[in-house]
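The structure appears right after this line, and notes come after that.
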Amino acid sequence: MNEQIQQKTIDLARGLFLVRYNGAEDKTSPPVVRVYADRASLNNCNIITGPDAANGTLFAPETALVVSVARPSRLIVEVTAGRAGGSTAANIKIEPLSQGQPAVQPSGQPASQPFDTDEPEAGPDELSALKLLAHVAGLGDVTVGPNTWIAGPAAPARIEGISLEWPNKPYDLNLQYAVKFARPQRGDNQFVPLGTFAGTRGRALAITGFSLEATGPGADRYAIAAETIFLGAPALRVTGNRIVVSGPSGREPLVGLKLSLEEHRAQAAPLAPRQPMRAEPAPPMPRQEAPRLEGRVRVFRSRQNAVKTAG
């Protein structure tokens, strides 16, 4: 039988991932999905299945397996038609799995207290652990920390794909991102989770648009800060819970990118004005809740006044 086979390579960061076979076009004879690490990643990537299951093989929709990645690796997803001339169209989703971070109890709090109602916060070490990987034309994969240019003003170059990794991410915060090309491509403008490579390698297809958004209960405590340079356009700085950037026409290649996360600081409650000429002290004012910072987007263009739009 002449089997039809399709393959796709996925870049995974360090972590644990669920590979879920959600559905197939051919309901009668669905294609078979096989998942395995490429040769260079064999020692860093482990496929986990049940004790009686075929290693790395999903035979039908509504099945799943787990991939454990010790170091950044490349995973190959191979789809084989279930019958001669059958379809290889299958919906495969890769989701990061997390056990969260242990809660730190304030000093003096009884250990038996079952819940901590304080909102978790990411300290400087956690925020600095954010890593940006970009595939740059002529350079290959380049990885930097927050507030560091990839390509950019000093050495602009086409950025063809990106991946974000944040091993110490707060459990109540999620980041997802998407890229866009001048011509529609597979996966164009589709959000992917942390650790997933979005874009291309070795195809000379520059990114022309970039989206990044923070979701989850803790999203309001943070703001994404992105600085971008598109070919022939001035540098752009955008902040907010959700950012969407592109060049003036939407077709200019992205030639510089710098990302960071900023933590909102709660503002002190305003004090009531003093009552003049009072013999006795004024009664204490009730404690006011610090104003909540709503997600906003600020766009700053060089040599122009700031323009504020709703995020």
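Let me confirm something: among Gly199, Gly247, which residue is at positive phi and out of contact with any Cys (no Cβ under 6 Å at 6 or more places or on another chain)?
On the way: Gly247 fails: at positive phi.
Within the list Gly199, Gly247, the selection yields Gly199.
If I go through the range 183-206 residue by residue, how many of them are part of a loop (DSSP other than H, G, I, E, B) and open to solvent by less than 40 Å² (accessible area, probe 1.4 Å)? It would help to see each step written out before you state the result.
Step one: list which residues in the range 183-206 are part of a loop (DSSP other than H, G, I, E, B), which gives 183-191, 194-195, 197, 200-206.
With the extra rule that they be open to solvent by less than 40 Å² (accessible area, probe 1.4 Å), the set shrinks to 187-188, 194-195, 197, 200, 206.
Total satisfying the criteria: 7.
Whether any residue in the range 50-59 is open to solvent by less than 60 Å² (accessible area, probe 1.4 Å), at pLDDT 90 or above and within 20 Å of Pro167 (Cβ to Cβ) is what I want to check.
No, every residue in the range 50-59 fails to be open to solvent by less than 60 Å² (accessible area, probe 1.4 Å), at pLDDT 90 or above and within 20 Å of Pro167 (Cβ to Cβ).
Evaluate the range 231-242: report whether one residue or more is open to solvent by less than 40 Å² (accessible area, probe 1.4 Å), touching a residue at least 12 places away in the same chain (Cβ under 8 Å) and closer than 19 Å to His135 by Cβ.
Within the range 231-242 (the criterion being open to solvent by less than 40 Å² (accessible area, probe 1.4 Å), touching a residue at least 12 places away in the same chain (Cβ under 8 Å) and closer than 19 Å to His135 by Cβ), the answer is no, since none of the residues qualifies.
Just to be sure I understand the filter: pairs with C-beta atoms under 7 Å, separated by 6 or more residues or on different chains, first member in the range 123-146 and surrounded by 14 or more Cβ atoms within 10 Å (Cβ to Cβ), second member at pLDDT below 90 and part of a helix (DSSP H, G or I). Which pairs pass?
Note: pairs meeting the criteria are Pro146/Leu127; Pro146/Ser128.
Is at least one residue of the range 82-102 open to solvent by less than 30 Å² (accessible area, probe 1.4 Å), aliphatic (A, V, I, L, M) and farther than 30 Å from Pro217 by Cα?
No, because not a single residue in the range 82-102 is open to solvent by less than 30 Å² (accessible area, probe 1.4 Å), aliphatic (A, V, I, L, M) and farther than 30 Å from Pro217 by Cα.
Just give me the residues in the range 42-59 being in a loop (DSSP other than H, G, I, E, B), within 16 Å of Lys93 (Cα to Cα) and within 29 Å of the chain's Cα centre (by Cα), in sequence order. Walk me through how you get there before you give the answer.
The first filter runs over the range 42-59 and keeps only residues in a loop (DSSP other than H, G, I, E, B), leaving 42-44, 49-56, 59.
Then drop every residue that is not within 16 Å of Lys93 (Cα to Cα), which leaves 56, 59.
Once the filter is applied, which keeps residues that are in a loop (DSSP other than H, G, I, E, B), within 16 Å of Lys93 (Cα to Cα) and within 29 Å of the chain's Cα centre (by Cα), the range 42-59 yields only Gly56.
From the list Arg71, Arg39, which residue is of a type in the set (Lys, Arg) and either open to solvent by less than 40 Å² (accessible area, probe 1.4 Å) or under 25 Å from the mean Cα position of the chain (by Cα) (or both)? Explain how you work it out, then say what you get.
Details: Arg39 fails: either open to solvent by less than 40 Å² (accessible area, probe 1.4 Å) or under 25 Å from the mean Cα position of the chain (by Cα) (or both).
It is Arg71.
The values are calculated or read from the model by the stated rules, or taken from the named source; none is laboratory data. What you see is a predicted model; the values in this text were computed from it and never measured. All Cβ positions, glycine included, derive from the backbone under ideal geometry; neighbour counts span all protein chains shown. Surface areas here come from the heavy atoms of the whole protein model, side chains and all, with no ligands, DNA or RNA. Shrake-Rupley method; radii C 1.70, N 1.55, O 1.52, S 1.80 Å.
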